[in-house]
Amino acid sequence: MIPRHSTNESVSYTGQTSKGIKQSQERMNSKWKMLLLTSFALLLMLIKHRSRIKNHLEKIDLCWENEKELRLSDWFNPKKRPDVKTTTDWFAPIIWEGTYNRQVLEKYYKRLNITIGLAVFATGKFVDQYLEKFLQSANKHFMTGYNVIFYILMDDFSKLPPIELGPLRTFKLCTVLKQHVWKDFNYIYMKNLDTYIIEHIQHEVDFLFSMTVNQIFKNDFGVETLGESVAQLHAWWYFRHAENFPYERRPKSAAFIPFGEGDFYYQSAVFGGTPREVLAFIKEYQKGVTSDNRNGLKSIYEHYLNKYLFINKPTKLLSPEYNWDPNFRTPPQIKHVKIAWHSKSI
Ligand SMILES: *[C@@H]1O[C@H](CO)[C@@H](O)[C@H](O)[C@H]1NC(C)=O
């Protein structure tokens with residue numbers, strides 16, 4: 001593109017003769033041409049660069065759009081259930097049938113391609129009685145349409161029932177390790193769950209639920225239940241006065257909640273959240289047990305859970321519809337039972 005003579009010019013140029021002046025004019029001309037060409041090239045580059053930046057920004061914008069946090073008001077309408085408490089004092093939603101818009105939630109979570117874990121502790125007499133029903137019903141109703149991993153913590157794999165799972169569902173067997181000093185089965189479960197979350201579960205799932213095996217799913221337990229820290233309201237105590245809640249009342253215990261305090265009575269059969277939050281609870285629970293042991297006290301797992309959730313308020317609460325006791329007379333507020341909890345087996 002650059003004229004040939006212009007490159008030779010600078011070499012042949014020697015002095016200010018008339019020929020020299022002409023040469024220098026030509027040289028100036030070609031310099032202008034070069035400058036023009038360079039400017040043009042620069043301009044082209046700039047335009048290209050700008051459009052690349054613009055594309056990039058648009059892409060960032062799109063990602064932002066995709067991963068934008070859902071606002072509560074996008075999918076949750078507390079006014080739909082005036083007959084019950086739908087929001088806590090700390091503004092966490094209480095999920096009742098009718099309060100949530102599952103379509104909006106589905107649209108959001110489907111795009112994120114999330115995986116949800118469900119850990120269940122299956123040892124002792126509950127295995128024969130419930131594990132098969134628990135897994136079959138969970139396969140059908142737990143987070144249908146999403147990637148699900150069932151973590152089955154067992155000490156005797158020969159008791160594993162035949163498991164047929166639908167698409168997007170897998171299960172992993174986790175051996176329950178015991179030490180004879182651990183007397184409480186909840187303590188053994190939590191010790192093991194802690195290890196498995198750290199080892200692999202935290203890298204495999206976005207959300208994790210821990211459930212006892214003596215439950216049968218009756219209806220969809222879907223993405224409306226997902227949150228950072230998810231607590232289950234206890235079917236027996238939701239309709240009772242707070243003064244009667246069976247909290248740990250001994251002041252020396254780590255699980256102590258004084259009379260007149262406490263928000264709800266939570267059910268330990270269902271607890272969930274992000275793996276990090278579940279881990280945080282397990283650590284606190286272990287600390288509580290250790291401290292009580294030192295003081296010669298022993299409280300129950302559910303009391304530690306209630307104390308933890310009293311201090312660390314859950315970000316989402318599930319109505320007793322999510323864990324109803326079928327032995328109870330069902331009040332009109334319980335519209336859609338998601339899980340039937342079989343208390344008789346305890
Ligand atoms: C969604 O997640 C699953 C499980 O982690 C993975 O196997 C699959 O490839 C993912 N799909 C897409 C489209 O990213």
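Hey, quick one: spin label on Asp74, modelled 7 Å out along Cα-Cβ, who in segment 212-231 has an amide N within reach, i.e. under 14 Å? Under 14 Å, as judged by backbone N against the label point of Asp74, lie 224 of segment 212-231.
Restricting attention to the chain, close to 35% of DSSP beta bridges with both partner residues there are antiparallel. Each Lys and Arg adds +1 at its Cβ and each Asp and Glu adds -1 at its Cβ; summed about the Cα centre, segment 224-280 shows a dipole of about 300 debye. Result for the chain in a Gaussian network model with C-alpha springs under 10 Å: among Pro161, Pro320, Pro82, the largest mean-square fluctuation is at Pro82.
With a 10 Å cut-off between alpha carbons and a GNM built on the chain, which of Ala280, Ala255, Ala41 moves the most? In the Gaussian network model the winner is Ala41. Going from the residue with the fewest nearby Cβ atoms within 10 Å to the one with the most, Glu284, Glu248 rank Glu284, Glu248. Within segment 82-103, name every residue whose backbone N is under 19 Å away from a label modeled 7 Å from Cα of Phe328 along the Cβ vector. Backbone N within reach: 82-88, 94-99. Length available on full extension from Ala41 to Lys172: 0.36 nm per residue minus the Cα-Cα distance, which gives 41.1 nm.
Per residue Cα convex hull volume for segment 194-240, in cubic angstrom?
Working: hull volume 6.3 nm³, N = 47.
Normalising the Cα hull of segment 194-240 by residue number yields 134 Å³.
Dimensions of segment 154-297 based on its C-alpha atoms, expressed as ranges along the principal axes with the largest first, amount to 48, 38, 28 Å. The residue among Thr274, Trp237, Tyr285 whose Cα reaches farthest toward the positive pole of the charge dipole of segment 234-297, with charges on the beta-carbon of Lys, Arg, Asp and Glu, is Tyr285.
Taken along the Cα-to-beta-carbon direction at a fixed 7 Å, the label points for Met34 and Trp182 span 8.0 nm. A helix-only calculation puts the chain at -12000 deg cm²/dmol for mean residue ellipticity at 222 nm, using -39500 (n - 2.57) for each DSSP H run of at least four residues, averaged over all residues.
Magnitude of the charge dipole for the chain, about its Cα centre and with charges confined to Cβ atoms of Lys, Arg (+1) and Asp, Glu (-1), is about 1280 debye.
Take the alpha-carbon positions of the chain, form their convex hull, and give its projected area averaged over all directions (one quarter of the hull surface) in nm².
Mean orientational projected area (the chain, Cα hull): 30.1 nm².
The calculated FRET efficiency for Ala242 paired with Ile311, based on their beta-carbon distance and R0 = 22 Å, is about 0.85. Measuring max minus min along each principal axis, the C-alpha atoms of segment 255-305 give extents of 32, 26, 16 Å (largest first).
On the basis of the beta-carbon distance and an R0 of 22 Å, Ile300 and Phe259 show a calculated FRET efficiency of 0.75.
Quick note on segment 290-332: its Rg to Rh ratio, both from C-alpha atoms and Rh being the Kirkwood radius, is 1.15.
Projecting the Cα atoms of Met143, Tyr100, Gln215 onto the dipole axis of segment 67-226, where Lys and Arg carry +1 and Asp and Glu carry -1 at the beta carbon, places Tyr100 farthest toward the positive end.
Kindly state, as a whole number, the per residue volume in cubic angstrom of the convex hull around the alpha carbon atoms of segment 86-171.
142
Per the Kirkwood formula applied to alpha carbons, segment 207-271 shows a radius of gyration over Rh ratio, Rg over Rh, of 1.02. Treating each Cα of segment 244-346 as an identical point scatterer and ignoring solvent, apply the Debye formula and state log10 I(q)/I(0) at q = 0.13, 0.19, 0.23 Å⁻¹. One equal scatterer on each Cα of segment 244-346 leads to -0.54, -1.05, -1.28. Between Asn295, Asn323, Asn219, the Gaussian network model of the chain with springs among Cα atoms under 10 angstrom shows the greatest mean-square fluctuation at Asn295.
Quick one: of Lys79/Lys313; Lys80/Lys338; Lys125/Lys338; Lys79/Lys107; Lys125/Lys252; Lys140/Lys172, which pairs are farther than 27 Å apart, Cα to Cα?
Working: Lys79/Lys313 22 Å; Lys80/Lys338 19 Å; Lys125/Lys338 24 Å; Lys79/Lys107 23 Å; Lys125/Lys252 33 Å; Lys140/Lys172 18 Å.
Pairs exceeding the cut-off: Lys125/Lys252.
Just so you know, all these numbers are worked out from the coordinates, no wet-lab data involved. Predicted model only: the values in this text are computed from it and were never measured. Methodologically, a virtual Cβ is constructed for each residue, glycine included, from the backbone with ideal geometry; neighbour enumeration extends over all protein chains shown.
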